[in-house]
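Participant: My questions will all concern the structure given below.
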Amino acid sequence: MWSHREILLSVDERVFEKFRKYSKIGGIIFILLGLIGIVFPSFITFSMVIFLAYLMLLAGLSSAWITWISNRSDWIGWFKSFIFIGVSLFMLFYPLEGVATLGLLFSIYFFMDAFGGFSLAFSANGKKHRWLWGLNALVSLILGVVVLIGFPFTTVWLIGFLIGMALLLDGIVLLFGASILTQEADNNR
């Protein structure tokens, strides 16, 4: 089997340099965005709703265009386009309701993740990592309950906070990845 060093040596050094440079830049940007999300979670939440609304609007317009040029009598294609455009316009004109909808989707996700995590924890009898699945499930269950207890008011800050935490952790991982690649490149020289 290939070792880690063999894979590193087979890749062009310029690729490493570019990745190191851009992962450092990306890591710093992600960390800053994550901190903004943690400090100003409602700003990130509403930004996310607006971003998703414009993505859905683009998807609806694209779907309508494809239906127009491919099969104008396809009522399912027109219905799909109408749903995308309608939901996106609703989210743009009523962003607070869009936030509430995202909150419900997050709570459903957290409860499903908790169910899956507990199932894995209970099925991993005698395994050392069993507690990790249980801990993950417990955290997901708590997050799902937090969203539902204060619904819809907690969703305004909770979604932004969670996105901020995810961006912060992604930025840290990118910075560490860049430093590990730098160390590997120095070791190979």
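The values are calculated or read from the model by the stated rules, or taken from the named source; none is laboratory data. None of the values given here were measured: they were computed from a predicted structure. Cβ sites come from the backbone with ideal geometry, for glycine too, and all protein chains shown count toward neighbours.
Participant: If I ask for residues that are without any contact (Cβ under 8 Å) to a residue 24 or more places away in the chain and closer than 25 Å to LEU35 by Cβ, which ones from the range 140-159 would you list?
Facilitator: Residues satisfying the conditions are ILE142, VAL146, GLY150, PHE153.
Participant: Select from the range 146-164 the residues that are at pLDDT below 85, of a type outside the set (S, T, N, Q) and more than 27 Å from ILE28 (Cα to Cα) and list them in ascending order.
Facilitator: Answer for the range 146-164, where residues must be at pLDDT below 85, of a type outside the set (S, T, N, Q) and more than 27 Å from ILE28 (Cα to Cα): VAL146, VAL147, GLY150, PHE151, PRO152, PHE153.
Participant: Let me ask you something else. With PHE51, PHE79 as the choices, which residue is modelled with pLDDT of 90 or more, farther than 28 Å from ASP170 by Cβ and not charged (D, E, K, R)?
Facilitator: Working: PHE51 fails: farther than 28 Å from ASP170 by Cβ.
When all the criteria are applied, what remains is PHE79.
Participant: Residue check: is GLY60 surrounded by 13 or more Cβ atoms within 10 Å (Cβ to Cβ), within 18 Å of GLY150 (Cβ to Cβ) and not hydrophobic (A, V, I, L, M, F, W, C)? Steps first, answer last, please.
Facilitator: Working: surrounded by 13 or more Cβ atoms within 10 Å (Cβ to Cβ): yes; within 18 Å of GLY150 (Cβ to Cβ): no; not hydrophobic (A, V, I, L, M, F, W, C): yes.
No, not satisfied.
Participant: Next question. With without any contact (Cβ under 8 Å) to a residue 40 or more places away in the chain and either surrounded by 13 or more Cβ atoms within 10 Å (Cβ to Cβ) or under 20 Å from the mean Cα position of the chain (by Cα) (or both) as the only criterion, which of ILE76, ILE44, ILE50, ILE66 stands out? So that I can check it myself, show each step before the final result.
Facilitator: Values: ILE76 fails: either surrounded by 13 or more Cβ atoms within 10 Å (Cβ to Cβ) or under 20 Å from the mean Cα position of the chain (by Cα) (or both); ILE44 fails: without any contact (Cβ under 8 Å) to a residue 40 or more places away in the chain; ILE50 fails: without any contact (Cβ under 8 Å) to a residue 40 or more places away in the chain.
When all the criteria are applied, what remains is ILE66.
Participant: While we're here: Can you spot a residue in the range 38-59 that is within 30 Å of SER179 (Cα to Cα), in a helix (DSSP H, G or I) and not hydrophobic (A, V, I, L, M, F, W, C)?
Facilitator: yes
Participant: Right, here's the next one. ALA121 versus (1) of a type in the set (A, V, I, L, M, F, W, C); (2) surrounded by 14 or more Cβ atoms within 10 Å (Cβ to Cβ); (3) at pLDDT 85 or above; (4) more than 23 Å from the chain's Cα centre (by Cα): which is the lone unmet condition?
Facilitator: (3)
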